[in-house]
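Q: Dropping the structure in here first, questions after.
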Amino acid sequence: MEKTVYIIGHRNPDTDAVVSAVGYARLKNLLGFEQYKAARAGHLNPQTAYIFKKFNVPRPEYIPDLIPKVKYFMQDNVETVEESVSVWDAIGQMEKSTNRVMPIVDKNGKYLSLLHYSGFAKSVLSILNPEKKHTFTTNINLIQKTLNAQPIIMCDDADKMLKASIHVGSSSPATFKKRLEAHANEDIVVIASDREDIHKICIEHKVKLLITTSGCVINKELRELAQKNKVSVIVSPYSTSPTSMLIAYSMRVSVMGDKDINTVHINDSVAKIKDILKNAHCKYLPVVDDENKVIGMVSEHDLVKEPMIDVVLVDHNELSQAVEGVEHYKILEVIDHHRIGAIPTKNPITFINRPVGSTSTQIAGLYKENKIPIPVDIASLLLCGILSDTLILQSATTTSVDREIAEYLSNITDLDIKELGNEILIAGSNISGRDAGELIRQDLKEYQEGKIVYTVSQIEVGSTKEVVSRKEEFLKELEIECKSRKGLFSCLMVTDITSLSSILLVYGNSKFIPLITFPKQEENLYFLQGVVSRKKQLVPLITEMVVNFE
């Protein structure tokens, strides 16, 4: 399995986070790095969904978390063997494999059991036990192939499964006749050498299969009788003793499979499978998908290797905002435009963080730095990312670099900046009938100052009237967020895209609320004149209040 590098934005991603991931993944691919793949750590908000549909660009893969899973550690180049194959062929196939186990599957690739050496040895000893009646399930074709025998007569039912009763024609003719008569109701297979008397008795008693050994061929008269009596005849190149031993390996491999080995699902967590793997005596587990089809194997050794994914973070650099479980993987790069948070890395990394209005500006700049033409669909997405994050270049975070890049992208795509900006802001500003909890969590970021945790959500609307009228509904959801994180407070910044001002709804610690210095409109509701940027305007002010509270 080749390593995949996921390029992914923060939890509850906004437009800038998602289009930046898609744009940077495309740049990496154009530079020849096919292992880079865009991903998203949450569902698309209405604005982002509208943009991807408008420009007919596939949505990046949804990854709800990066908790270590089987699929990030398993071996995916695993051979399987179909249940109808002989044990002999299956063992030969397994000898050529790097693994010492092999999943047994049905004709559709669905898992049935596991072939492994300890299970195989146990099954063979049981089947070849001299104290037990010597029968096993196989068919004439499997026997012929296992012995590499020369077919002389192969009847029409050669592929029909039978419960073979194996006999060696080494006794006197009279004794041998009695033995055949005693097993007359069974599917008799006889191993004989060059004794024509035994050959004749077998054919007259209409046994299922006569195997002559050491290359001995029956005479023409007996051949005609065998065809008449529908007796299959094959010639083994081996003597009687090795032929008798090899014939046991003509069983279907499904007979030898260990059905007690549990499968694990591709999306099972590593923590979940550790005990299952520990208790598996062969120390391997088959990995299956939703249809129970085998797609890999995982062993204890695999779990101590590096996972098959690395990560690039875009539009954030704080662990509290990153997809859950990211700390388990190697972070190769961070491309952002926010304050510097705390994501520790084990190795030196590429860290690009500039005080511009959007990460999309950074990504477009990287195309220019690498002298790679920006594909029109990507240019369209990146322009939307800039216009969304800067409120059509009107936010306090907007820089001359954002304006320059936006103009460049506008010329590439032949899209009007103001017209496109208004279109996408309107697409994301309609909150009528939408659940308050969904709105709060669609663009929620968690921050930490020392031991204090708080969250700031942001939505953009054409008018703040509906939010004010539903204030109690929103405060209830903020309370849930605050208490679930044991935070100091949770707030919702509602930005009016027409007046370029915001209101702030706050639920929090009763000792902290009085420290809020914003103009108060009513209980738990504040007015933020000219404040539209969470990162550049609101969070710095809130951080100061939090520090004073500490």
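Q: Being surrounded by 15 or more Cβ atoms within 10 Å (Cβ to Cβ), closer than 15 Å to residue 285 by Cα, out of contact with any Cys (no Cβ under 8 Å at 6 or more places or on another chain) and among the hydrophobic types (A, V, I, L, M, F, W, C): is that true of residue 104 here? Spell out how you get there, then give the answer.
A: On the way: surrounded by 15 or more Cβ atoms within 10 Å (Cβ to Cβ): yes; closer than 15 Å to residue 285 by Cα: yes; out of contact with any Cys (no Cβ under 8 Å at 6 or more places or on another chain): yes; among the hydrophobic types (A, V, I, L, M, F, W, C): yes.
So residue 104 fits the description; yes.
Q: Could you check how many residues of the stretch 257-270 are at pLDDT below 90 and either basic (Lys, Arg) or in contact with a Leu (Cβ under 6 Å, 6 or more places away or on another chain) (or both)?
A: First, the residues of the stretch 257-270 that are at pLDDT below 90: 257-262.
Those left that are additionally either basic (Lys, Arg) or in contact with a Leu (Cβ under 6 Å, 6 or more places away or on another chain) (or both): 257-259, 261.
The total comes to 4.
Q: Looking only at residues that are among the acidic types (Asp, Glu) and part of a loop (DSSP other than H, G, I, E, B) in the stretch 298-342, which one is least open to solvent (accessible area, probe 1.4 Å)?
A: This residue is 315.
Q: State yes or no: is residue 367 among the aromatic types (Phe, Trp, Tyr) and under 30 Å from residue 452 (Cβ atoms)?
A: Considered against the rule, which asks whether it is among the aromatic types (Phe, Trp, Tyr) and under 30 Å from residue 452 (Cβ atoms), residue 367 comes out as no.
Q: Here's something else I'd like to know. Any chance you could count how many residues in the stretch 202-215 are open to solvent by 10 Å² or more (accessible area, probe 1.4 Å) and either under 23 Å from residue 156 (Cα atoms) or over 58 Å from the mean Cα position of the chain (by Cα) (or both)?
A: Within the stretch 202-215, the first condition is being open to solvent by 10 Å² or more (accessible area, probe 1.4 Å), and the residues that meet it are 204-206, 208, 214-215.
Filter once more, keeping what is either under 23 Å from residue 156 (Cα atoms) or over 58 Å from the mean Cα position of the chain (by Cα) (or both): 204-206, 208.
Matching residues across the stretch 202-215 total 4.
Q: If you don't mind, there's one more thing I want to ask. Among the residues of the stretch 523-542, count how many are closer than 19 Å to residue 466 by Cβ, in a loop (DSSP other than H, G, I, E, B) and open to solvent by less than 20 Å² (accessible area, probe 1.4 Å).
A: Total meeting the criteria: 1.
Q: Might you check whether a residue that is farther than 13 Å from residue 152 by Cα, in contact (Cβ under 8 Å) with a residue 12 or more places away in the chain and open to solvent by 20 Å² or more (accessible area, probe 1.4 Å) occurs anywhere in the stretch 218-228?
A: no
Q: Another question, then. Could you check how many residues of the stretch 1-30 are open to solvent by 50 Å² or more (accessible area, probe 1.4 Å) and modelled with pLDDT under 95?
A: Number satisfying all stated conditions: 4.
Q: Ok, one more. Report every pair of residues separated by at least 6 positions or lying on different chains whose Cβ atoms are under 6 Å apart, first residue within the stretch 271-291 and at pLDDT below 90, second in a helix (DSSP H, G or I) and not aliphatic (A, V, I, L, M).
A: The qualifying pairs are 277/300; 283/300.
Q: Can you tell me how many residues within the stretch 130-185 are open to solvent by 10 Å² or more (accessible area, probe 1.4 Å) and touching a His at 6+ places or on another chain (Cβ under 8 Å)?
A: 7
Q: Tell me, please, whether a residue that is over 32 Å from the mean Cα position of the chain (by Cα), of a type in the set (Lys, Arg) and open to solvent by 60 Å² or more (accessible area, probe 1.4 Å) can be found in the stretch 446-454.
A: Yes, there is a match, as at least one residue in the stretch 446-454 is over 32 Å from the mean Cα position of the chain (by Cα), of a type in the set (Lys, Arg) and open to solvent by 60 Å² or more (accessible area, probe 1.4 Å).
Q: For residue 33, indicate whether it is open to solvent by 20 Å² or more (accessible area, probe 1.4 Å), more than 15 Å from residue 314 (Cα to Cα) and touching a residue at least 60 places away in the same chain (Cβ under 8 Å).
A: The answer is no for residue 33.
Q: So which pairs qualify, if the first residue must be in the stretch 417-437 and within 17 Å of residue 464 (Cα to Cα) and polar (S, T, N, Q), the second must be at pLDDT 95 or above and in a helix (DSSP H, G or I), the Cβ gap must be under 6 Å, and the two must be at least 6 apart or on different chains?
A: Pairs that qualify, where the first residue is within 17 Å of residue 464 (Cα to Cα) and polar (S, T, N, Q) and the partner is at pLDDT 95 or above and in a helix (DSSP H, G or I): there are none.
Q: Tell me, which residue of the stretch 118-173 that is part of a loop (DSSP other than H, G, I, E, B) and modelled with pLDDT under 75 is nearest to residue 211 (Cα to Cα)?
A: My answer is 134.
Q: Moving on to the next point. Residue by residue through the stretch 451-482, note down the ones that are of a type in the set (A, V, I, L, M, F, W, C) and touching a helix residue (DSSP H, G or I) at 6+ places or on another chain (Cβ under 8 Å).
A: Listed by number, the residues that qualify are 452, 453, 456, 459, 461, 467, 474, 478, 480.
Q: Ok, one more. Out of the stretch 373-393, which residues are of a type outside the set (S, T, N, Q), within 16 Å of residue 413 (Cα to Cα) and either touching a Leu at 6+ places or on another chain (Cβ under 7 Å) or open to solvent by less than 10 Å² (accessible area, probe 1.4 Å) (or both)?
A: If the condition is that a residue be of a type outside the set (S, T, N, Q), within 16 Å of residue 413 (Cα to Cα) and either touching a Leu at 6+ places or on another chain (Cβ under 7 Å) or open to solvent by less than 10 Å² (accessible area, probe 1.4 Å) (or both), then 378, 379, 381, 382, 383, 384, 385, 386, 387 are the ones that fit.
Q: So which helices (runs of 4 or more DSSP H) are wholly in the stretch 397-481 and hold at least 1 residues that are within 24 Å of residue 339 (Cα to Cα) and not aromatic (Phe, Trp, Tyr)?
A: By residue number, 400-413, 436-441.
Q: Which of the residues spanning the stretch 174-192 are under 53 Å from the mean Cα position of the chain (by Cα) and under 24 Å from residue 214 (Cα atoms)?
A: Listed by number, the residues that qualify are 187, 188, 189, 190, 191.
Q: Here's a check for you: in the stretch 240-259, which residue that is surrounded by 18 or more Cβ atoms within 10 Å (Cβ to Cβ) and under 31 Å from the mean Cα position of the chain (by Cα) is nearest to residue 215 (Cα to Cα)?
A: If we take residues in the stretch 240-259 being surrounded by 18 or more Cβ atoms within 10 Å (Cβ to Cβ) and under 31 Å from the mean Cα position of the chain (by Cα), then 253 is nearest to residue 215 (Cα to Cα).
Q: Moving on. Tell me which residues, restricted to the stretch 343-391, are over 24 Å from residue 417 (Cβ atoms) and either without any contact (Cβ under 8 Å) to a residue 60 or more places away in the chain or in a strand (DSSP E or B) (or both). Lay out the reasoning, then the answer.
A: Start the filter on the stretch 343-391 by keeping residues that are over 24 Å from residue 417 (Cβ atoms), which leaves 343-353, 370-371.
Selection gives 343, 344, 345, 346, 347, 348, 349, 350, 351, 352, 353, 371.
Q: For the subset of the stretch 40-66 comprising residues that are part of a loop (DSSP other than H, G, I, E, B) and open to solvent by 80 Å² or more (accessible area, probe 1.4 Å), which member is modelled with the lowest pLDDT?
A: Among them, the one singled out is 43.
Q: Still on this structure, please answer the following. Residues that are under 44 Å from the mean Cα position of the chain (by Cα) and part of a strand (DSSP E or B): does the stretch 508-522 have at least one?
A: So far as the stretch 508-522 goes, yes, one or more of its residues are under 44 Å from the mean Cα position of the chain (by Cα) and part of a strand (DSSP E or B).
Q: Quick check: is even one residue across the stretch 543-550 in a loop (DSSP other than H, G, I, E, B), touching a residue at least 40 places away in the same chain (Cβ under 8 Å) and open to solvent by 60 Å² or more (accessible area, probe 1.4 Å)?
A: yes
Q: Tell me which residues, restricted to the stretch 498-522, are under 16 Å from residue 459 (Cβ atoms) and either open to solvent by 70 Å² or more (accessible area, probe 1.4 Å) or out of contact with any helix residue (DSSP H, G or I) (no Cβ under 6 Å at 6 or more places or on another chain) (or both).
A: Correct list: 498, 499, 500, 501, 502, 503, 504, 506.
The values are calculated or read from the model by the stated rules, or taken from the named source; none is laboratory data. As the structure is a prediction and not an experimental result, all values here were calculated from the model. With ideal geometry, Cβ positions are generated from the backbone for all residues, glycine too; neighbour counts draw on all protein chains shown. Note: accessible area is taken over every heavy atom of the protein model, side chains too, but ligands, DNA and RNA are not part of it. Shrake-Rupley method; radii C 1.70, N 1.55, O 1.52, S 1.80 Å.
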